Amino acid sequence: MDSAVAGRAAGLLRALGTGAVAVAAGLLPALSADLQDPLSSLTPVKGSMLCFGRDYSPDHLAQHPKQTTKAVRLAFEFFQEQDPQRHVTIVLTPRAGAPRQITAYCLWWQGAGIDTSGRKTFPTFDKSAAFNCVVTVRNTDKESGALLIDPAQDAKTLTLFLESPIAAADSKPGDAEPYFLALEPEDRIFALARIEPSACASFTR
């Protein structure tokens, strides 16, 4: 991991505070079901990955003409030993043009979706905990956006919330110059289902 990404990851941990890190590391008492992380235990070692996705039908797209995204893939991967974070790669395929890739480092957090001033960053999210994610851009430590992942407790589905604008690239991050992608409201929240990991293999690390 390059120094810029390491700095952003460390900054996320500092922002969450020692209590949240302790929960993520399993140092506090067991949590109620709605506060438990259902995904990280399924990606316990290097090389382990979960893949979620959705392909929107022509009928759906016709009924939602302002939605520009026709397909979504999300890879949720093991990061490194002794680190509660997970690495996430998202691919948004638009109706026209190149797929857009977004990368982030995510940490399970009680109080997710609330910024340091107490403001809800994703107004429609109302759960007690979720994955708070910092979007990363290679070789820079500038603010690049945020996203939130709200998984079902059975780990079969999740809801993805995207901030706008958000840093993205038109090919694998590191291979293309990133830019800030402005998303319309119809392209900021996606309900995804768990699918075979092979569906995410082409763009993961």
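Which of the residues spanning segment 55-74 are outside any loop (DSSP other than H, G, I, E, B) and either of a type in the set (Val, Ile, Thr) or within 13 Å of Asp187 (Cα to Cα) (or both)?
Restricting attention to segment 55-74, the residues satisfying the condition of being outside any loop (DSSP other than H, G, I, E, B) are 55, 58-63, 69-74.
The answer is Leu61, Thr69, Lys70, Ala71, Val72.
Please identify the pairs in which a residue from segment 43-66 that is closer than 16 Å to Ser202 by Cβ has its Cβ atom under 8 Å from the Cβ atom of a residue that is polar (S, T, N, Q) and not in a loop (DSSP other than H, G, I, E, B), counting only partners at least 6 apart or on another chain.
Taking only residues 6 or more apart or on different chains, the pairs are Cys51/Ser198; Phe52/Thr157.
When the residues of segment 61-91 are narrowed to those that are among the aliphatic types (A, V, I, L, M) and in contact with a helix residue (DSSP H, G or I) (Cβ under 7 Å, 6 or more places away or on another chain), which ends up nearest to Leu42 (Cα to Cα)? Step through it out loud before you land on a result.
We begin by selecting, within segment 61-91, every residue among the aliphatic types (A, V, I, L, M); these are 61-62, 71-72, 74-75, 88, 90-91.
Those still in the list that are in contact with a helix residue (DSSP H, G or I) (Cβ under 7 Å, 6 or more places away or on another chain) too: 75, 91.
On the way: Ala75: 13, Val91: 21 Å.
This residue is Ala75.
Test of understanding: among Asp150, Asp126, Asp83, Asp154, which residue is charged (D, E, K, R) and crowded, with 20+ Cβ neighbours inside 10 Å?
Values: Asp126 fails: crowded, with 20+ Cβ neighbours inside 10 Å; Asp83 fails: crowded, with 20+ Cβ neighbours inside 10 Å; Asp154 fails: crowded, with 20+ Cβ neighbours inside 10 Å.
The match here is Asp150.
Do we find that Arg8 is basic (Lys, Arg), surrounded by 15 or more Cβ atoms within 10 Å (Cβ to Cβ) and at pLDDT below 90 in this structure? Walk me through it before giving the result.
Working: basic (Lys, Arg): yes; surrounded by 15 or more Cβ atoms within 10 Å (Cβ to Cβ): yes; at pLDDT below 90: yes.
Criteria met by Arg8.
Identify, from the list Thr140, Thr124, the residue that is at pLDDT 90 or above and over 15 Å from the mean Cα position of the chain (by Cα).
Step by step, each of Thr140, Thr124 is checked, and only Thr124 is at pLDDT 90 or above and over 15 Å from the mean Cα position of the chain (by Cα).
If the requirement is being part of a loop (DSSP other than H, G, I, E, B) and on the phi > 0 side of the Ramachandran plot, which of these qualifies: Ala98, Ala155?
Working: Ala98 fails: on the phi > 0 side of the Ramachandran plot.
Of Ala98, Ala155, the one residue that is part of a loop (DSSP other than H, G, I, E, B) and on the phi > 0 side of the Ramachandran plot is Ala155.
Give the number of residues within segment 86-98 that are surrounded by fewer than 20 Cβ atoms within 10 Å (Cβ to Cβ) and touching a Ser or Thr at 6+ places or on another chain (Cβ under 8 Å).
Of the residues in that region, 4 qualify.
The values are calculated or read from the model by the stated rules, or taken from the named source; none is laboratory data. All of these numbers come straight from a predicted model, not from anything done at the bench. Virtual Cβ from ideal backbone geometry, glycine too; neighbours counted across all protein chains shown.
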